[in-house]
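Some notes on the structure that comes next.
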Amino acid sequence: MGMRLAERYRVDLPGLQATCEANYARLLSLLPRMREQTSQRRIALDGPPATQVLWLQTTACGLYTSLVEVREEGGYAWLPAPLLQVRVYHDARMAEVISAAHCRTLRPRYAYPNPAMHQPDEKLQLNLFLGEWLTHGLRTGYPLDEPLHWQPLTPEH
């Protein structure tokens, strides 16, 4: 027998929190001055010449939080580049995706099926994607507009 229709998705709160804590540490490594309104950094993910660039930019700052936009510059015309809005909680040391280009705000869970075809765990999936994207930038990327050192931003383990 298949899964009962009455089963509901339950948010894995400890898993989501662990992902958000790890993403905070990754963002802090890539954008150390993310508490400053004008902080931005471009990380080349390939090249030279760089055709895929991870762009991190602080768009709003408060006493305990920042809003960071994470997007890709370049990429392919046939594949829309992701764009994520990330709320950074400095006191809790967590970074959480709060919206993505395809939806304005994210709910913790969605009924499925739904008109927009969001996955039940879309919020968790986007936070996991952010973690993979930032990790890729840390391992293989190099900062543009800064003196070029041909090493990854973090050493491989």
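The values are calculated or read from the model by the stated rules, or taken from the named source; none is laboratory data. Just so it is clear, the structure is predicted and the values come from calculations on it, not from any experiment. As a convention, Cβ positions derive from the backbone with ideal geometry for all residues, glycine included, and neighbour counts pool all protein chains shown.
Data for the structure
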{"quantity": "Verdict on Ala100 being closer than 14 Å to Lys123 by Cα, modelled with pLDDT under 95 and touching a helix residue (DSSP H, G or I) at 6+ places or on another chain (Cβ under 6 Å)", "calculated": "yes"}
{"quantity": "Restricting the range 29-73 to residues that are surrounded by 15 or more Cβ atoms within 10 Å (Cβ to Cβ), outside any strand (DSSP E or B) and in contact with a helix residue (DSSP H, G or I) (Cβ under 7 Å, 6 or more places away or on another chain), the residue that is modelled with the highest pLDDT", "calculated": "Leu30"}
{"quantity": "Residue ID - surrounded by the fewest Cβ atoms within 10 Å (Cβ to Cβ), chosen from residues in the range 8-28 that are charged (D, E, K, R) and not in a loop (DSSP other than H, G, I, E, B)", "calculated": "Glu21"}
